[in-house]
1. Against the globular-protein guess of 2.2 N^0.38 Å, express the Cα radius of gyration of the stretch 54-118 as a ratio, rounded to two decimals.
2. Test of understanding: ordering 40, 71 by Cβ neighbours within 10 Å, fewest first, what list do you get?
Amino acid sequence: MSRFMAVITVLAVFFVIASSFLAISVKAQNEITWVYDYPTGMKAAAEEDKPVMIYIHEDWCPRCRNMDQNTWTDGEVIQLSSNFVNINVVGTEQGTLYNYSKPPLIVFTDPQGRVIVKQNAELSASQVTALQRQVLAQAPFSSSSATGNPSTTRTPTTNATAITPSVSAKAVGVPGFEAIPSIVGISIAALVLSRIGKSQR
């Protein structure tokens, strides 16, 4: 009996480990892959020959929080975002670069940094997907540099530093869903250990 319970315990531990990887995978599928440093993102776009979606916002901005909660969590927005290098920056440096008056500012550029379209307003998910499709419809993009040299892109005049991701800037996916497998696995392990303890009394 104790041997059987030991096997069950081992299986429960494997289940907990596997569920943790599943939780990470589920969460990743429900988030936009953001780059939080402007020069790094523009360089990646040139190297990967991908268009760019730039989200410039401020922590104090209520319109930005609305987009964080309602726009960037939309499934279609997330799916289409995989075709872009997605840059997420807080502050006015890049905003000034693109001549914005107030956050949020959403800018789409080609891989070389040439602006295709920009919107200085809070956008709904349907508005963002319309812009994403509009930009993707223009592919393939002409390149003035065969190597995709980032020096051809528009970059800030001052040194940019990496921006620490804010919680609100991430798509949250399905709240709590990714934790369910881990909770089940831990519950099973606890139950098995409890029964082992009773059998040894």
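Readers should treat all values here as calculations from the given coordinates under stated rules, not as data from a laboratory. Being a predicted model, the structure only gives us computed values, none of them experimental. For neighbour counting, all protein chains shown are included, and Cβ atoms are generated from backbone atoms with ideal geometry for every residue, glycine included.
1. Here the answer is 1.11, to two decimals.
2. 40, 71
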